[in-house]
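This report refers to the structure that appears directly beneath it.
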Amino acid sequence: MNTQTTSKKMKNKVGFTLWFTGLSGAGKSTITDILEKKLKEYGLKVEVLDGDIVRTHLSKGLGFSKEDRDTNIRRIGYVASLLSRNNVISITAAISPYRDIRNEVREMHENFIEIYASCPLQVLEERDVKGLYKKARSGEIKQFTGISDPYEEPLNPEITVRTDSGTPDQRAEEIINFLLKNNYLETV
């Protein structure tokens, strides 16, 4: 079902978390912003927990060691689980580089949908809109995921969106169509 031909009202049957993971610059926040807007236009309750924003409020003072990254992801996961169990659509956009902590967060949720924003490292380095990859390659940024720190790709995400092709709007539509097809959302 294509959402562009459906009613402008939807309801979610249950609360759920859309957990975006992927390397820096892969489009997690961009797609999240579009998805949030579209879902709110359909009259749904949505909250976004963006990794960069959460770090300034909920995780201030944490660094980028594995332990600090895990703590940050646990905090995001906990808040997302509270929202989703109260029938809110929770959308997270954080690199969340380690599988074990993503699996731990999954266990906190009744309805957890992992979305892998997949983009080849070479493309990300060519885009490098914030200049972070260049700084990481020069050693200016330490512990940079994908360069000097590992990123463990999801083994079985519910959704993989290729962000090196198509548009962010198309990727958001892809996700909404998945939610409709799998009965997380329904038109009213």
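Remarks
- Of Val48, Ser96, Ser138, farthest towards positive along the dipole that unit charges on Lys, Arg, Asp, Glu beta carbons give region 1-155: Val48
- Placing a label point 7 Å from the Cα of Lys181 along the Cα-to-Cβ direction, the residues of region 24-49 whose backbone N falls under 19 Å of that point are 35, 39.
- Prolate/oblate/rounded call for region 47-87, Cα gyration tensor, a/c under 1.5 rounded: prolate
- Gln143 versus Met108: modelled label distance in nm, points set 7 Å from Cα along the beta carbon direction: 1.9 nm
- Taking a Cβ cut-off of under 15 Å around Lys13, the surrounding Lys, Arg, Asp and Glu residues balance to a net charge of +3, with basic ones at +1 and acidic ones at -1.
- Pairs from the table (Lys66/Lys130; Lys45/Lys135; Lys8/Lys28; Lys28/Lys142) lying more than 31 angstrom apart at Cα are Lys45/Lys135.
- Cα-centred dipole magnitude for region 1-160, charges only on beta-carbon of K, R (+1) and D, E (-1), debye, nearest 20: 580 debye
- Largest first, the extents of the alpha carbon coordinates of the chain on the three principal axes equal 53, 33, 28 Å.
- Net charge contributed by nearby residues that have their C-beta within less than 9 Å of Val161 (K/R +1, D/E -1): +1
- Entry note, the chain: the mean residue ellipticity at 222 nm calculated from DSSP H runs of n ≥ 4, each adding -39500 (n - 2.57), is -12500 deg cm²/dmol after division by the residues and rounding to the nearest 500.
- Label-zone membership for region 144-171, site Val123, 7 angstrom Cα→C-beta point, backbone N under 11 Å: 161-168
- In this simple spin-label model, placing a label point 7 Å from the Cα along the Cα-to-Cβ direction at both Asp68 and Asp52 gives a separation of 1.8 nm.
- Annotation for Asp164 and Lys45: the two label points, set 7 Å from Cα along the Cα-Cβ direction, are 4.0 nm apart.
- Alpha carbon centroid spacing (whole Å) that separates region 56-100 from region 10-33: 13 Å
- FRET efficiency, Asn87 to Glu152 (Cβ-Cβ, R0 41 Å, nearest 0.05): 0.85
Here, each number is a calculation from the coordinates, and none is a lab measurement. On a predicted model such as this, the values are computed, not experimentally measured, just so you know. Heads up, the Cβs are rebuilt from the backbone with ideal geometry, glycines too, and the neighbour counts pull from every protein chain shown.
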